[in-house]
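Please read the structure below before turning to the comments.
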Amino acid sequence: MIPGRSVAKISIPFLAELWKKEDLKTVDDIYLRSSINQYAAGLLIFIGLMVNLGNIFRILPEEYGSSYAVIVLIGLGNLVNVSAGINGVVLSTSALYRYQTWLMFILIGLFVIASLIFIPLMGITGAAVASLISNAIYNLLCVGVVGWKYSLWPYRMNHLRMTLVAAVAFVAGTLVPEMPLLPDLMLRSALVTFIFTAGLYLLKLSDDMNKMVDVILDVIRKGFRQS
């Protein structure tokens, strides 16, 4: 969430200027790239967290054992948020900025209603369910408004391909036999990171990530040549 907020703050003046110029092509490019890059980072963090939940609960006191579902639901909620990229900024800097205020009221209303329904039934897990539902509907509405008016959509087939790569990395991480805490944590995290990053790179699912990996590989190659 924090990288997403930083990207949103940086993009506000650029998007405002692009809207003035009616440069929808560049707005679409920024919108799509923010969604793909944030979703890639969010997926990696999420699956890294999921495969290490056992290690996390090995550290925490036993009374936190019932919080498994809460962590999963909060993680999914954040994943939904980052997958939409900077949809809120795209909307708020456009001529439809008034919709942003109404959608925020809808978000608050949805959360209150969902909390009243689920918290009495499920306790703290219900609060996480309410947050997930309200955030999912809010982001769906934001994406829908921008798509309906300007035909700008943050989602492509690459998002589905990323999800499949993440699923493969997650399964691989869960197949690692249990070891002492620190080696287990390091091996699962390294394996998931390698498979996920390699999958995205080889399938060319994120141009920005591929450029970053290419720079790192070039540095490594130069290091080997000099040695």
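Is it fair to say Ala136 is farther than 30 Å from Ala95 by Cα and surrounded by 13 or more Cβ atoms within 10 Å (Cβ to Cβ)? No. Scan the stretch 107-128 for residues that are crowded, with 19+ Cβ neighbours inside 10 Å and in contact with a Ser or Thr (Cβ under 9 Å, 6 or more places away or on another chain) and the total you get is 4.
When Met209, Met186 are checked against the criterion of being part of a helix (DSSP H, G or I) and within 30 Å of Ser92 (Cβ to Cβ), a single residue qualifies: Met209. Number of residues in the stretch 139-154 that are surrounded by fewer than 17 Cβ atoms within 10 Å (Cβ to Cβ) and either outside any loop (DSSP other than H, G, I, E, B) or at pLDDT 95 or above (or both): the value is 5.
Only one entry in Leu110, Leu73 is in a helix (DSSP H, G or I) and over 23 Å from Phe46 (Cα atoms), namely Leu110. Every condition in (1) under 21 Å from the mean Cα position of the chain (by Cα); (2) under 30 Å from Tyr99 (Cβ atoms) is met by Met212 except one, and the failing one is (2).
Among residues belonging to the stretch 154-177 that are more than 17 Å from Gly48 (Cβ to Cβ) and in contact (Cβ under 8 Å) with a residue 40 or more places away in the chain, point out the one that is nearest to the chain's Cα centre (by Cα). So, considering only residues that are more than 17 Å from Gly48 (Cβ to Cβ) and in contact (Cβ under 8 Å) with a residue 40 or more places away in the chain, the one nearest to the chain's Cα centre (by Cα) is His159. Please indicate, with yes or no, whether at least one residue in the stretch 25-37 is part of a loop (DSSP other than H, G, I, E, B) and touching a Lys or Arg at 6+ places or on another chain (Cβ under 9 Å). Looking for residues that are part of a loop (DSSP other than H, G, I, E, B) and touching a Lys or Arg at 6+ places or on another chain (Cβ under 9 Å), one finds none in the stretch 25-37, hence no.
The values are calculated or read from the model by the stated rules, or taken from the named source; none is laboratory data. Predicted, not measured: the structure shown is a model, and the values here were computed from it. No Cβ is skipped: glycine too gets one built from the backbone with ideal geometry, and neighbour counts run over all protein chains shown.
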